[in-house]
Amino acid sequence: MTYYSPILMIGIIFMWHQQTIQLQPKSRGFHLVTDEITSKISALSDFRVGFMQLFIQHTSASLTINENADPTVRMDMESHFNQFVPENQPYYLHDYEGSDDMPAHIKSSILGCQLMVPIENGRLAMGTWQGIYLCEHRNHGGARRIVCTLNGES
């Protein structure tokens with residue numbers, strides 16, 4: 001669903017735009033999804049300055065921003081988090097959805113379910129080497145929904 005609400009104030013148009021996008025299913029790991037996200041938000045180019053907030057509607061995946069050039073960074077992130085939050089721990093009580101489920105919830109809480117990215121001249125104002133990651137913590141997570149909220153001036 002897309003919501004668009006412009007407000008004119010002293011010659012400046014303040015706008016809100018919200019839509020829910022769905023990312024294609026990904027294998028377990030850290031995936032660069034900046035282009036997949038921005039290609040689905042056509043209203044981004046309408047904003048001269050503002051913010052884009054991303055909120056993933058799942059408890060076993062997360063979002064983060066990190067290196068966008070070297071894919072070994074994403075592999076190292078996955079390796080580290082698998083060591084940091086291992087599967088099959090005897091103290092996990094929540095285990096009926098699979099051995100990857102409880103660690104996925106923990107990883108999601110550590111990394112977080114939302115991001116805030118500045119918008120400048122219709123584009124995300126991230127650093128040269130920064131990209132948005134979908135962190136898929138399940139072996140078979142499926143498609144993931146993200147609510148994208150843009151706020152700013154046109």
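The values are calculated or read from the model by the stated rules, or taken from the named source; none is laboratory data. Keep in mind it's a predicted model, so treat the numbers as computed, not measured. So basically every Cβ, Gly included, is an ideal-geometry build from the backbone, and we count neighbours across all protein chains shown. To get the accessible areas, we keep the full protein, side chains included, count just its heavy atoms, and leave off ligands, DNA and RNA. Shrake-Rupley method; radii C 1.70, N 1.55, O 1.52, S 1.80 Å.
Charge tally for L23 (other residues, Cβ to Cβ under 10 Å; Lys, Arg +1; Asp, Glu -1): +2. Scanning residues 5 or more positions from R144 or on other chains, those with amide H under 5 Å from its amide H are L23, with H placed 1.01 Å from N in the peptide plane.
Of the solvent-accessible surface of region 90-154, computed with a 1.4 Å probe and all protein chains present, 52% belongs to carbon and sulfur.
Rounded to the nearest whole angstrom, the semi-axes of the ellipsoid equivalent to region 3-154, taken from the Cα gyration tensor as √(5λ), stand at 33, 16, 12, largest first. Amide H contacts of E120: A125, each under 5 Å away and 5 or more positions distant or on a separate chain (H built 1.01 Å from N in the peptide plane; Pro and chain starts excluded). Axis of helix 101-111 versus longest Cα principal axis of the chain: the two differ by about 40°, to the nearest ten degrees. At a probe radius of 1.4 angstrom, the accessible area of region 43-154 per residue rounds to 51 square angstrom.
Summing -39500 (n - 2.57) over the DSSP H runs of n ≥ 4 in the chain and dividing by its residue number, what mean residue ellipticity at 222 nm do you reach, to the nearest 500 deg cm²/dmol? If you can, show how the numbers build up before the last one.
Working: 3 runs with 30 residues, N = 154.
Per the formula, -5500 deg cm²/dmol.
Placing +1 on each Lys and Arg Cβ and -1 on each Asp and Glu Cβ, with no other charges, gives the chain a dipole about its Cα centre of roughly 360 debye. Accessible surface of S109, taken over heavy atoms with a 1.4 Å probe and every protein chain present, rounds to 100 Å².
I41: net charge of surrounding residues, Cβ under 13 Å, Lys/Arg +1, Asp/Glu -1, itself excluded?
Working: positive: K40, R123; negative: D35, E36, D46.
For residues surrounding I41, the net value is -1.
Residue by residue, region 63-77 carries 3J(HN,Hα) couplings of 10, 7, 10, 7, 3, 10, 9, 9, x, 5, 4, 5, 5, 5, 4 Hz when phi is fed to the Karplus relation 6.51 cos²θ - 1.76 cosθ + 1.60 (θ = phi - 60°); x denotes Gly or Pro.
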